[in-house]
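To start, the structure under review is shown below, and the notes come after it.
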């Protein structure tokens, strides 16, 4: 179905809905009442027509969607919970499970013939990044990742699951590496008179605990885990980008501007959003494409809570800085 016919069908549905709403409104609120109530009736008729137009528009969009490309955004730090952490307002990313859900929704939508993954992220946790990458790779159709400001680390891991990666010439791309971290507060604990007593089963159960100095053996063990993650990262990128693993290792987790990343083969093409949509049109053999943004529904309560949390954190941040102390070892792209 071409775009012109789709628009005509949508308009017809909207007009029919408006007429039906007008007739219902006239019968309910105007034809029967008399005197001053008639004025209120007229207003109610108008309101009913407006509601009918909105409902008709929604029905038309659902019955005859005009889009053929689904857009899903990955913005901010990548984590299972969206990076909220223990303090309110600190998270600026969307929970990875919500992103996966939107990609899956696009995959199930018969009108979404291609997937546009908009990336603006410095990276984040390993497994949530991999979940998003797997969902994008499983999409049945052309998949194009588009780096806006930043596509680093876990963001690049996700992009490697797409058919193509585009970026601006000034986008920040790369950082193909893994980092493991743990706060070492053993000296501070000593000064405060806090002692650490170990009750654990298994030699490495408390490796990386913040309250004790790691042994050399534990350091080697933890570094081995990092190396295993890194090897997997390199292999996935090499496979997805059709690159030599040695060339990827040679980047040594550096970040590059888009034009240099393109020269190194880390990016397929440079361009604007319009260029990306033109490429999607070519992939779908169309003159042009229509993009629909897939986003999770956010209820009013969540919106209000988010606003309150942000205000509270902004106020608190002006009074004191917070330090997160983790009692375990964390892995991040």
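The values are calculated or read from the model by the stated rules, or taken from the named source; none is laboratory data. Bear in mind that the values here come from a model prediction, so they are computed numbers and not experimental data. Positions of Cβ are generated from backbone atoms using ideal geometry, with glycine treated the same way; all protein chains shown enter the neighbour counts.
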Can you find a residue that is in a helix (DSSP H, G or I) and either closer than 25 Å to residue 222 by Cβ or in the same structural domain as residue 266 (by TED's automatic domain parsing) (or both) anywhere in the range 146-153? no
Is there a residue being touching a helix residue (DSSP H, G or I) at 6+ places or on another chain (Cβ under 6 Å) and in a helix (DSSP H, G or I) anywhere in the range 212-221? no
Can you confirm whether residue 169 is in contact with a helix residue (DSSP H, G or I) (Cβ under 8 Å, 6 or more places away or on another chain) and farther than 16 Å from residue 268 by Cβ? no
Which numbered condition in (1) surrounded by fewer than 13 Cβ atoms within 10 Å (Cβ to Cβ); (2) within 16 Å of residue 178 (Cα to Cα); (3) in contact with a helix residue (DSSP H, G or I) (Cβ under 8 Å, 6 or more places away or on another chain) is the only one that residue 245 fails? (1)
Within the range 192-205, is even one residue modelled with pLDDT under 90, part of a helix (DSSP H, G or I), more than 28 Å from the chain's Cα centre (by Cα) and loosely packed, with under 11 Cβ neighbours inside 10 Å? yes
Looking for something out of contact with any strand residue (DSSP E or B) (no Cβ under 7 Å at 6 or more places or on another chain), free of Cβ contacts under 8 Å to residues at least 40 places away in the same chain, within 19 Å of residue 172 (Cα to Cα) and not in a loop (DSSP other than H, G, I, E, B) - is there at least one such residue anywhere in the range 233-248? yes
